[in-house]
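This report concerns only the one structure given below.
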Amino acid sequence: MKGIAFLSGFISGLLTLGIILPANSQVVSDGTTNTTVNLDGNNFNILNGIQKGNNLFHSFREFSIPTGGSATFQNYSAIVNIINRVTGGNVSNIDGLIKANGSANLFLINPAGIIFGKLDIGGSFLGSTADSFLFEDGEFSATDLDNPPLLTINAPIGLNLRDNPESIVNRSFVENNAGEQVGLQVAPGNTLSLVGGNINFEGGQATAISGNIELGGLRNAGTVTFSRSKKPN
């Protein structure tokens, strides 16, 4: 993501669709990537996963964060990309804060849908309702769990989306220290990308100072590829 220009192909209209939220906000591993989640009140500390080169892979059955809570990825500083999938079939309702250490880029796919609140990461962020991440040598799928997940040292090269992909909703009203509305925000010079069916800004905002905000909406099945001006370090 850092230094990656993202080409979506289609930009959807901002259409509001009804989304059923999970009854309880929670972050739960699905057991496929050695991911461990420790709960402290409404705060979830995410450890382990599987490291391949500079990539760290996590897989969750549920990924929702309550208001006032957080999900913190306890990654090593050498990690460049934290690559996450949600496989349980429920919408990710992220009213709390997602955090990661250092300047790692964070990728999150949930084919069932995502509703966003806050971000606190040092690198770039991609949130998508795609079925899978595409790599040069295969896929890391959130829907095909019969086969072992692909874990690779390569950076993702794109996304695969099915017919009628679910929506992404941004309801982020976060203020900075100066009292300015910034909404979803990445660190200066980085990229914030949202890719799904409809991309709905329900009063939410997005900020990427000296960086890029990229919105991609597809109505039908297809692939979205990343073009790299330079590869991540």
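The values are calculated or read from the model by the stated rules, or taken from the named source; none is laboratory data. All values reported here derive from a predicted model rather than from experimental measurement. When we count neighbours, we look across all protein chains shown, and the Cβ atoms used for this are built from the backbone with ideal geometry, even at glycine.
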Take residue 94 and decide whether it is under 12 Å from the mean Cα position of the chain (by Cα) and more than 25 Å from residue 34 (Cβ to Cβ). no
Out of all the residues in the stretch 163-180, which are surrounded by 16 or more Cβ atoms within 10 Å (Cβ to Cβ) and part of a strand (DSSP E or B)? 168, 169, 170
Within the stretch 129-142, tally of residues that are in a loop (DSSP other than H, G, I, E, B) and under 16 Å from the mean Cα position of the chain (by Cα): 4
Top-ranked residue of the stretch 87-119 - restricted to ones that are of a type in the set (Ser, Thr, Tyr) and buried (at least 19 other Cβ atoms within 10 Å of the Cβ), ranked as nearest to residue 154 (Cα to Cα): 87
From 129, 143, grab the single residue that is touching a Pro at 6+ places or on another chain (Cβ under 8 Å), farther than 28 Å from residue 76 by Cβ, among the β-branched types (Val, Ile, Thr) and buried (at least 18 other Cβ atoms within 10 Å of the Cβ). 129
Count - residues of the stretch 71-86 that are over 13 Å from the mean Cα position of the chain (by Cα), under 23 Å from residue 117 (Cα atoms) and touching a residue at least 40 places away in the same chain (Cβ under 8 Å): 0
If I filter the stretch 181-190 for residues that are small (Gly, Ala, Ser) and outside any loop (DSSP other than H, G, I, E, B), do I get at least one hit? no
Residue count, the stretch 167-191 (criterion: closer than 14 Å to residue 117 by Cβ and in contact (Cβ under 8 Å) with a residue 40 or more places away in the chain): 8
Identify, please: which residue in the stretch 117-128 is hydrophobic (A, V, I, L, M, F, W, C) and assigned to a strand (DSSP E or B) and is, among those, nearest to the chain's Cα centre (by Cα)? 126
Out of the residues in the stretch 105-122 that are at pLDDT 95 or above and small (Gly, Ala, Ser), state the one that is nearest to residue 187 (Cα to Cα). 113
Filtering the stretch 24-69 down to residues that are of a type in the set (Ser, Thr, Tyr) and touching a residue at least 24 places away in the same chain (Cβ under 8 Å), which residue is surrounded by the most Cβ atoms within 10 Å (Cβ to Cβ)? 64
Under the condition of being within 17 Å of the chain's Cα centre (by Cα) and among the charged types (D, E, K, R), which residue from the stretch 33-70 is farthest from residue 119 (Cα to Cα)? 61
For the condition of a type outside the set (Phe, Trp, Tyr), surrounded by fewer than 20 Cβ atoms within 10 Å (Cβ to Cβ) and on the phi > 0 side of the Ramachandran plot, what is the one hit in 138, 122? 138
Of (1) over 26 Å from residue 225 (Cα atoms); (2) modelled with pLDDT of 95 or more, residue 85 fails just (1)
Matching strands (runs of 3 or more DSSP E) fully within the stretch 25-116 where at least 1 residues are on the phi > 0 side of the Ramachandran plot: 43-48
